[in-house]
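Below is one structure, written out as structure tokens; the observations come after it.
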Amino acid sequence: MEIAAIFKYLYELLASTGLPSMLVDIIALGFAAVVVFLFLALVALFLVWLERKVSAHIQQRFGPMRTGWHGWIQTVADAIKLLQKEDTTPANADHPVFYWAPIIAFVAAFMAYVAIPFGDGLIVSDLNIGILFIIAITTFTIISLLMAGWGSNSKYALLGGMRSAAQVVSYEVPMIISVLAVVVFAGSLSMVDIVESQAKIYQWYIFRLPFGPIAFIIYIIAATAETNRTPFDIPEAEQELVAGFNVEYSGMKFAMFFLAEFVNMFTVSAIATTLFLGGWQGPLLPSWVWFLIKTFGMVFVFMWFRWTYPRLRVDQLMEFSWKFLVPLGFANLILAGWMKSSGWFNW
Amino acid sequence: MSELRTQEFQINMGPQHPSTHGVCRFILTLDGEVIIKAEPVIGYLHRAIEKICENRTYAQCIPVIDRFEYCTSMSSEMVFVLAAEKLAGIKIPERAEYLRVIMLELNRIASHLIWYGTTSLDLGAITPFLYGFREREDVLDLFEMTCGQRLTYNYIRVGGVSRDIPKEFIPKCHEFLDKFQGKVDDYERVLTENPIFLVRNKNVGVLTPQMAVAYGISGPSLRASGVKWDLRVDDPYSIYDRFRFEIPSFQNGDCYDRYLVRIKEMRESAKIVGQAIEQMPEGDIMAKVPANFKPPKGEVYSRIENSRGEMGAYIQSPGDSKKPLRVKLRGGSYNQLQVMPELVRGHKVADVVAIMASLDIIMPEIDR
Amino acid sequence: MKKLVSAIKNLVIGLFTTGKHLGRHAITLQYPTQRWPMPERSRGIVVLLSDRETGALNCTVCLLCMKACPSAAIRIEYDKDEKGKRILKDFIVDDGICCFCGLCEEACNFSAIKMAPKYEFSTLNRNDLTWHKDRLKEVGLDVPYEKVARKKSVVAKPSAAAATRPSGPDSASGPAAAPDSKVDGGGEPAGEEQK
């Protein structure tokens, strides 16, 4: 069953109603956006459950078991619980800033999916600056972190917000550099073009030695830091002294930050899949199934990291990024450029 | 142009904190991220154990002393009972001595497993905590089948031990010991060479041997600084001179060495338990102690090597009474908490947690 | 460079060490549908034991358990009949104070009180933690025990002045300082340990 064919059919149906083509396009895009949004909301709920089960089995215990078969309704129960919590605002908090921070985080997380290909032909809009757009949008989360830290009117939140903003900014650079290495090789910023240049399995960028695996590893490390996961989860660590930027948030606002974090994790996994693992390419199964398999595989790897490694101290984290990842990333980029231009390893 | 001045500010690492190993409060004075001064505030877990003991007979004191250091209850009971036996000049039957050693060393393993779990939890790796507690369940099952409780045992009594081991104990203990070395290898694989763990712990909280001796620190923290001092070997009590075991010690005195010392100690304790089970004779488990136990007048101090250092009990007996006149207990964590402000100076906030975890400070020993 | 290689190798080893647990079955139990079988010596709630044939309580009101308790959790109320023998009126155990040390069980010479391996007795009301004779007897009905085979204890008889109020943890010594035939409270037969 080809999902792309279904969408195409619906689009034809809409176009045949005789509305002006601009309006048809807008309605079609709106519909696609709504579909993607609903899909992602479900994915976020699923990911929360998956995280709990994966962490539980790594620790040789069961995880949620009571709410439904193996606890699959647990996230719904948690969402209902969060919905009914009191929505507190600290005294003397900066109200507009405090109010808009989780919303910006949430919107930024979801907006990146405009340009991510879920399968062959399943992309909301094939921008020809695809990957650049995605990176620009995911950088919005820094603004929301700073807003949350400032608006909470608590010195701990401020410190936590500053630290996490510093962390995210300093790991944007290696992430962009590793992405650029792939872009140089693919010759285009468009996500669909990048996927199509990996038509065969040996053409996947992760296998294109020697720059591919290095770019992949740099990307994974930077992505873990971007999404504030261990070993880079200083902003969220309860064991540390300063509790992080979302300490004053409760109820639905907290739920927005929480969901935004999981959606971000899915985003970086989707980008890793598209850029390094061949996107939706694969034999036999439909393209969107391959995409989901690969993306959930990457999500699983991120979860595995979280439950195995201790966390780095803030200054060690920054040192690692600026003194190690950035030079390595630049060297890798130069290598990739040279490989592309000289024709070596260019299969 | 005046130079840029930063202002120091104080933060309270309060008694309710996931990483202070009990209820310990620190008032930290920070300059940015660097700690200038750290002041511990204690007393949140004071239960007046020493005062309570003044109104209990020696046998009734033992459940109370259990709670003095509840992570190593057997050691707490042992040190008190050793003092009482020294006062009264009681000799313990052989089997009771062996049983005591087995229980003490199993308790040491359990306590080090708690330390391992909480250390990795404080540093952010949550999984080894559950692995440590999985092994601890086996040890606690052994205790429960012998004396009936998992944490506060009321097992070591004046004159011997309260009950003999049931017949399931030795096979289960062998089963535990057989798989334990493999499990400790697993723990090491997750943490010991992990670069993140190394960079968090190497050269953090360096305790020089002179400072350690000056502050009266004992136990694994002392041995990690290069001073090879273990009461089981240097001032032997009970029958420790009959067992072959190594005393691990390292040179640097940083958090990483303290970690290595305790991991090695877990392995050595397992060896001691194995040897004790082999050598244990049959016999009585309790000496003939009079029902109204009234030790003669005098005072005595006895000490043992606990998993956290030297644990001591000082008992003053008035002579013709079933109750002690004064009981004073000494725990190793007290000295280690005293040295903490020295150690954390100049480090970052996140290191307070790492240093406290590596020194293995727990509050019940300090506050009593 | 060698440090880098060793760092990556150890990171991967760590991953695989946690990863291999994913294939193993979980070791936790799904309480309350699955319960851990408690060892027979496990010290749970205090119960009063009754004679299997007659159904009467084994307690002879010797008051030794009351004196042995370090927390003064036991209170015994009794009357005296014409011959001066004590008759049990009420036996009160405050489980909120009890520290589950088992000294009462060791003090008893008549297999009247035991720490049963039962533990599910939490309540919402703190007053419900004080158990009286009937509840203690009822919960103890299905607890297996062996009649203690021990010599009479050498403890002096408690004086009549030690009346119904908790005498506190003084007077008689604890059972630990006891002749060594009194080694357990009904679990294994006393003869097994003396080879």
Check your understanding: What's the average, rounded to a whole number, of partner chain beta-carbon atoms within 10 Å of each residue's beta-carbon in A:59-69?
Key -> 4
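Between B:E278 and C:T28, how high is the FRET efficiency from 1/(1 + (r/R0)^6) when r is the Cβ-Cβ distance and R₀ = 35 Å? Nearest 0.05.
Numbers: r = 34 Å, r/R0 = 0.96.
My answer for the efficiency is 0.55.
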Check your understanding: In whole angstrom, and with the biggest value first, how far do the Cα coordinates of region B:3-143 range along each principal axis?
Key -> 74, 38, 22
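Given R₀ = 51 Å, FRET efficiency for B:I42-B:K179 by Cβ-Cβ distance, to 0.05? Intermediate values should be presented prior to the final figure.
Working: r = 39 Å, r/R0 = 0.76.
The calculated FRET efficiency here is 0.85.
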Review point. Of the residues A:T138, A:T273, A:T88, which exhibits the maximal mean-square fluctuation in a Gaussian network model of chain A defined by a 10 Å Cα contact cut-off?
Key: A:T88
Exercise for review: Can you pull the one-decimal nm distance between simple spin-label points at B:T29 and A:T139, each 7 Å off the Cα toward Cβ?
Suggested key: 4.2
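Let me know the mean shielding of B:349-355 by other chains, meaning the per-residue number of their Cβ atoms within 10 Å of its Cβ.
Mean number of neighbouring Cβ atoms from other chains: 4.
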Revision key, fill the gap. From the Cα centre of region B:318-368 to that of region A:1-76, the distance in Å is 55
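If you stretched the chain out fully between C:D142 and C:I8, how much longer would it get, using 0.36 nm times the residue separation minus the C-alpha to C-alpha distance? All intermediate terms of the calculation are to be shown ahead of the outcome.
On the way: separation 134, 0.36 × 134 = 48.24 nm, distance 5.98 nm.
Taking C:D142 through C:I8 to full extension adds about 42.3 nm, to one decimal.
Let me check I've understood the local charge: for B:Q251, count other residues with C-beta under 15 angstrom from its C-beta, Lys and Arg +1, Asp and Glu -1. What total comes out?
So the environment of B:Q251 carries a net charge of +3.
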Check your understanding: Using the C-alpha gyration tensor of chain B, what are the square roots of 5 times its eigenvalues, in whole angstrom, with the largest one first?
Key -> 36, 25, 17
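Peptides A:36-48, A:162-174: what's the order by average Cβ count within 10 Å, highest mean first?
Values: A:36-48: 16.4, A:162-174: 21.0.
Per-residue Cβ counts within 10 Å, averaged per peptide and sorted highest first, yield A:162-174, A:36-48.
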Review point. Tell me, in nm to one decimal, what length is gained between A:K81 and A:V34 on full extension, where the rule is 0.36 nm per residue of separation less the Cα-Cα distance?
Key: 14.4 nm
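Normalised by the residues of chain B, what does the relative contact order come to in percent, with Cα pairs under 8 Å and at least six apart? Intermediate values should be presented prior to the final figure.
On the way: 697 pairs, mean separation 95.9, N = 368.
Across chain B, relative contact order equals 26 percent.
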Point to revise | Per-residue average of Cβ from other chains inside 10 Å of B:157-165 | key: 5
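Can I get the semi-axes of region A:210-347's equivalent ellipsoid? Compute them from the C-alpha gyration tensor as square roots of 5 times the eigenvalues, in angstrom, largest first.
Working: eigenvalues 190, 100, 24 Å².
Semi-axes from the Cα gyration tensor: 31, 22, 11 Å.
Show me the helices of chain B, taken as full DSSP H stretches, that run 20 Å or more along their long axis by Cα and average -1.0 or above in Kyte-Doolittle hydropathy.
In chain B, the long hydrophobic H runs are B:73-88, B:94-123, B:127-147, B:169-191, B:255-279.
Run through every distinct alpha carbon pair of the protein assembly as shown and return the Kirkwood hydrodynamic radius in angstroms, one decimal place.
Values: mean 1/r = 0.0318 Å⁻¹.
One over the average 1/r among Cα pairs gives 31.5 Å for the protein assembly as shown.
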Practice item. Would you be so kind as to identify all helices of chain A, as entire DSSP H runs, whose Cα atoms reach 20 Å or more along the helix's own axis and whose mean Kyte-Doolittle hydropathy is at least 0.0? Key: A:21-58, A:95-111, A:155-186, A:211-226, A:251-276, A:287-306, A:326-342
**Study point:** Length added when fully stretched, A:I293-A:I129, from 0.36 nm per residue minus Cα-Cα
**Key:** 56.5 nm
Exercise for review: For the pairs B:K294/B:K328; A:K294/C:K2; C:K89/C:K114; B:K86/B:K264; C:K80/C:K118; B:K167/B:K271, note any where the Cα-Cα span goes beyond 24 Å.
Suggested key: A:K294/C:K2; B:K86/B:K264; C:K80/C:K118
Practice item. Report, by chain and number, residues whose modeled amide H sits under 5 Å from the one on C:I113, excluding near sequence neighbours (fewer than 5 apart, same chain). Key: C:L49
Practice item. Using the 2.2 N^0.38 Å rule of thumb for compact globular proteins, work out how region A:132-173 stacks up: its C-alpha Rg over that value, please. Key: 1.21
Check your understanding: Pick from B:N292, B:N252, B:N55: which is most flexible by mean-square fluctuation in a GNM of chain B where alpha carbon atoms under 10 Å apart are linked?
Key -> B:N292
Check your understanding: Counting each DSSP H run of 4 or more residues in the protein assembly as shown as -39500 (n - 2.57), what helix-only mean residue ellipticity at 222 nm follows after dividing by all residues, to the nearest 500 deg cm²/dmol?
Key -> -15500 deg cm²/dmol
Exercise for review: Go ahead and run the numbers for FRET between A:F330 and B:D234, Cβ-Cβ distance against an R0 of 51 Å, rounding to 0.05.
Suggested key: 0.35
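By the scheme Lys and Arg +1, Asp and Glu -1, what is the net charge of all other residues having a beta-carbon under 12 Å from that of C:G55?
On the way: positive: C:R52, C:K137; negative: C:D51, C:E53, C:E138.
After counting each charged neighbour, the total is -1.
Only the coordinates and a few stated rules stand behind these numbers; no lab work does. Because the structure is a prediction, the values reported are computed rather than measured. So basically every Cβ, Gly included, is an ideal-geometry build from the backbone, and we count neighbours across all protein chains shown.
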